[in-house]
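Enquirer: This is the structure, below, for whatever I ask next.
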């Protein structure tokens, strides 16, 4: 079960995030205006995860 490592800007998230299908989860460094504000570990299904899912996780993780 491989984990993708991503570095994403929360203010510029696309509707869908794609990674190689071999990944079952993603560890994501969440940034706001270039500054790290948190991290999230999310499941990846079929090489995809939704931007809304990441926004929700970042709200939970970063307390805003």
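The values are calculated or read from the model by the stated rules, or taken from the named source; none is laboratory data. All of these numbers come straight from a predicted model, not from anything done at the bench. Every residue, glycine among them, receives a Cβ derived from its backbone with ideal geometry; neighbour counts consider all protein chains shown.
Enquirer: Considering only residues that are assigned to a strand (DSSP E or B) and in contact with a helix residue (DSSP H, G or I) (Cβ under 6 Å, 6 or more places away or on another chain), which ones fall in segment 1-30?
Expert: Within segment 1-30, just 30 meets the criteria.
Enquirer: Please enumerate the residues belonging to segment 41-64 that are at pLDDT 90 or above and touching a strand residue (DSSP E or B) at 6+ places or on another chain (Cβ under 7 Å).
Expert: 41, 42, 43, 44, 47, 48, 49 - these are the residues of segment 41-64 that are at pLDDT 90 or above and touching a strand residue (DSSP E or B) at 6+ places or on another chain (Cβ under 7 Å).
Enquirer: Restricting segment 1-28 to residues that are at pLDDT below 95 and surrounded by fewer than 10 Cβ atoms within 10 Å (Cβ to Cβ), which is farthest from residue 52 (Cα to Cα)?
Expert: That would be 1.
Enquirer: Mind checking which residues of segment 31-46 are over 18 Å from residue 7 (Cβ atoms) and either touching a residue at least 40 places away in the same chain (Cβ under 8 Å) or assigned to a loop (DSSP other than H, G, I, E, B) (or both)?
Expert: Passing the criteria: only 46.
Enquirer: Right, something else. Cβ contacts < 7 Å: first residue in contact (Cβ under 8 Å) with a residue 12 or more places away in the chain and at negative phi, restricted to segment 10-24; second residue exposed (fewer than 11 other Cβ atoms within 10 Å of the Cβ) and assigned to a loop (DSSP other than H, G, I, E, B), any location; separation 6+ or different chain. Result?
Expert: Note: pairs meeting the criteria are 11/33; 21/46; 24/1.
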